[in-house]
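Here's the structure, in structure tokens; my notes come after.
The values are calculated or read from the model by the stated rules, or taken from the named source; none is laboratory data. Everything numeric in this text was worked out from a predicted model, so none of it was measured. Cβ atoms come from the backbone with ideal geometry, glycine included; neighbour counts cover every protein chain shown.
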Amino acid sequence: MTDQGWVSYARGLVEDSLASQEGWADIVVDLRGEGLDEDVITTVLREHQAWVEEALEWKQHGYPYDEIVRHLRDEVAAEWGDVAHALLEVGVNPADMLRVVLPLLGEDDPLPAVRMALLEPPDCSGEEEAREVVDYFFPGMAEEEPGETATTHPTL
């Protein structure tokens, strides 16, 4: 089956799961149980805004942001850029999103989250504060232009 065929198959599984009101964490378990590639799962979840939906639900239930991040990463197959995007979409400002995400990265690459914080907000509100947060955790990184960093970094 082609990659597009697998994505179509995964879409059907997701639609069936949503119709039976399964949560996104359960849907990820089901998709993995079907042996689907992580890229296929990511594609389908991204199409459905699954991480934004999940972050909003958890936020409405009063969970702290660090628990939301762990849930999205561990149970809903979100990559760091997707986590950052979800938090921004549910109303967390870029600097606060970085304050939550950057300490949780461990050995992972910070650039997807930094890129979201510096490039995604349409009005550039709080960009200076976000740069200061980045500089606190990763001295010197915020001095580079985000576009330059994004184009020269091998994983982006």
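State yes or no: is L119 among the hydrophobic types (A, V, I, L, M, F, W, C), farther than 28 Å from I27 by Cα and within 15 Å of the chain's Cα centre (by Cα)? Write out each step before concluding.
Numbers: among the hydrophobic types (A, V, I, L, M, F, W, C): yes; farther than 28 Å from I27 by Cα: yes; within 15 Å of the chain's Cα centre (by Cα): yes.
Considered against the rule, which asks whether it is among the hydrophobic types (A, V, I, L, M, F, W, C), farther than 28 Å from I27 by Cα and within 15 Å of the chain's Cα centre (by Cα), L119 comes out as yes.
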Selection from the range 81-116 of residues that are of a type outside the set (A, V, I, L, M, F, W, C) and in a helix (DSSP H, G or I): G81, D82, H85, E89, P94, D96, R99, P103, P112, R115
P122 vs. criteria at pLDDT below 90 and surrounded by fewer than 17 Cβ atoms within 10 Å (Cβ to Cβ): yes
Residue in the range 32-49 that is farthest from D3 (Cα to Cα), counting only those that are aliphatic (A, V, I, L, M) and part of a helix (DSSP H, G or I): L45
Some residue of the range 70-80 being farther than 15 Å from V101 by Cβ, free of Cβ contacts under 8 Å to residues at least 40 places away in the same chain and in a helix (DSSP H, G or I): no
Yes/no for E54 being in a helix (DSSP H, G or I), buried (at least 16 other Cβ atoms within 10 Å of the Cβ) and of a type in the set (D, E): yes
G23 being farther than 28 Å from A130 by Cβ and surrounded by 14 or more Cβ atoms within 10 Å (Cβ to Cβ): yes
Residues of the range 49-88 satisfying the condition of being over 17 Å from P110 (Cβ atoms) and among the small types (G, A, S): A50, A55, G62, A77
Residue ID - surrounded by the fewest Cβ atoms within 10 Å (Cβ to Cβ), chosen from residues in the range 1-10 that are part of a helix (DSSP H, G or I) and polar (S, T, N, Q): Q4
Subset of the range 18-28 [within 16 Å of W51 (Cβ to Cβ) and in a helix (DSSP H, G or I)]: L18, W24, A25, D26, I27, V28
Of all residues making up the range 127-148, the number that are at pLDDT below 80 and surrounded by 18 or more Cβ atoms within 10 Å (Cβ to Cβ): 2
Checking L87 against (1) surrounded by fewer than 23 Cβ atoms within 10 Å (Cβ to Cβ); (2) more than 12 Å from V134 (Cβ to Cβ), the condition it does not meet: (1)
Unmet requirement for L13, which otherwise passes all of (1) touching a helix residue (DSSP H, G or I) at 6+ places or on another chain (Cβ under 8 Å); (2) at pLDDT below 90; (3) surrounded by fewer than 16 Cβ atoms within 10 Å (Cβ to Cβ): (3)
